[in-house]
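Written below as structure tokens is the structure these notes are about.
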Amino acid sequence: MFYIYCPYCAEYREEEEFHPKGQAHIARPLDPMATSDDAWGDYLFFRDNPRGVHHELWVHAVGCRKFFNVTRDTRTYAILETYRIGEQPSVTADSVSTGSAASTATLTGVQA
Amino acid sequence: MTRVAYFDPHPAPTVPRQSPLHHMAEIAPTGDVAVTLREHAFRDHLNLRGEPGVLASAVESVTGLALPLEPQQVVFGDGTSLQWLSPDEWLLIVPGGEGFRLQRELRKALGDAHFSIVDVSGGQTLLSLEGEEAISVLMKSTVYDVDPRHFPVGKGVTSVFAKANAIIRRVDDTRWELVVRRSFADYCLRWLLDAGEEFGIAFQRAEHEVDAREAAPAGEAEMTT
Ligand SMILES: [Zn+2]
């Protein structure tokens, strides 16, 4: 079971209260009519499937019902951080591979 | 004023209505009852949405309750309560018959601001669970940690309850309140009675709650645009 920190409720909640909603940070093309079929298809249907750090959208379905982002390691399922919509991740594949401060700092969303 | 049509869903106390638990028989308290379950039917429930900066002063001046800005916070007044549900959503529960007047006053105070007020009274009901073992009944029913160190008086959460969900809030040391959906009220009540059986549980309808308008002469039905 995950014990997930909701950045809106500001506390850890049981996984049962949440639903995953797929990859995060997918920007809708600003001008759909001028977007090529390939680019539109990529936007609608194609998702990353990385081994390692992945950014996902989750919803606190039974709690505050807000969407938020989760950075998760697909190899271990470990949640590395959670952050609000509109914010950027502090843990990324790059920051983890270079061992920068963000990846070793105390991360919100992680319960030891 | 916002251009929105709203009406009093229960325009006069003489209009008959049924609580979602009207069919459930009361269970009288016997010798060793450690939990008492009550239904507080026919309160008015208003769902308020908007930015806290927009709502706070209007809500406080109309209801007398300070808008709780901290997550999971609920404030209790005299027969009233106001609970944080999400960063832009609150649940206001007031005695039956007061909801429409409050809604009208809130809309007046908020003017053209960006907000929403929805009367959800018909969609949910308020239960209370009181007694030394109330917390044990809750522990059997929800995944949320109701330990007093984690769930102080004045806290309220929405979480999984049995196989449905409910708003759970702590009124004082041994008294808790649940807000359950109308369509799950029967299920939740039967669940609670089953969970409470080992401790001894009584079920009572709350003492007849006087409609705020019963004392005053009934006004004509109103529709405001
Ligand atoms: Zn939440």
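The values are calculated or read from the model by the stated rules, or taken from the named source; none is laboratory data. Please read these numbers as outputs of a predicted model, since none were measured by experiment. Counting neighbours? That spans all protein chains shown, and the Cβs are built from the backbone with ideal geometry, glycine included. For accessibility, only protein heavy atoms count, side chains too; no ligands or nucleic acids. Shrake-Rupley method; radii C 1.70, N 1.55, O 1.52, S 1.80 Å.
Accessible area buried by the pairing of B and A, both sides summed with a 1.4 Å probe, works out to roughly 1200 Å². Accessible surface area normalised per residue over the range B:59-192 is 39 Å², counting heavy atoms of protein chains with a 1.4 Å rolling probe. Taking Cα centre as origin and charging only the Cβ of basic (Lys, Arg, +1) and acidic (Asp, Glu, -1) residues, the dipole magnitude of the protein assembly as shown rounds to 500 debye. Once you have a ≥ b ≥ c as the square roots of the Cα gyration tensor eigenvalues for the protein assembly as shown, tell me rounded if a/c is under 1.5, and otherwise prolate or oblate according to whether a/b is larger than b/c. Oblate shape, in that a/c is at least 1.5 and b/c is the bigger or equal ratio. In the range A:46-62, burial by the other protein chains removes 20 Å² or more of 1.4 Å probe accessible surface, compared with the chain on its own, from A:62.
Running a GNM on chain B with Cα contacts under 10 Å, which residue among B:78, B:44, B:119 ends up with the highest mean-square fluctuation? So, out of B:78, B:44, B:119, the one fluctuating most is B:78. In the range B:84-98, comparing the full protein assembly with the chain on its own, the residues that lose 10 Å² or more of accessible surface at a 1.4 Å probe are B:84, B:85, B:86, B:87, B:88, B:89. Every helix of 4 or more DSSP H residues in chain B counts as -39500 (n - 2.57), and over all residues that averages to -6000 deg cm²/dmol at 222 nm. Mind telling me which of B:72, B:18, B:204 comes out most flexible in a GNM of chain B, alpha-carbon contacts under 10 Å? Greatest mean-square fluctuation among the candidates belongs to B:18. Taking the 1.4 Å solvent-accessible surface of the range B:25-206 as the whole, the part contributed by carbon and sulfur is 49%. For residue B:163, the lysines whose Cα falls under 18 Å of its own Cα, not counting residues fewer than eight places away in the same chain, are B:140. Rounded to the nearest 20, the Cβ-based charge dipole of the range B:7-61 about its Cα centre (Lys and Arg +1, Asp and Glu -1) stands at 120 debye. Got a number for carbon plus sulfur as a percent of chain A's accessible area, 1.4 Å probe? It is 53 percent, rounded to a whole number. The aspartates and glutamates within cross-link reach of residue B:108, meaning a Cα-to-Cα straight distance under 18 Å and a gap of 8 or more places when in the same chain, are B:8, B:51, B:60, B:98, B:119, B:222. With contributions of -39500 (n - 2.57) from each DSSP H run of at least four residues, the per-residue ellipticity at 222 nm computed over chain A stands at -3500 deg cm²/dmol.
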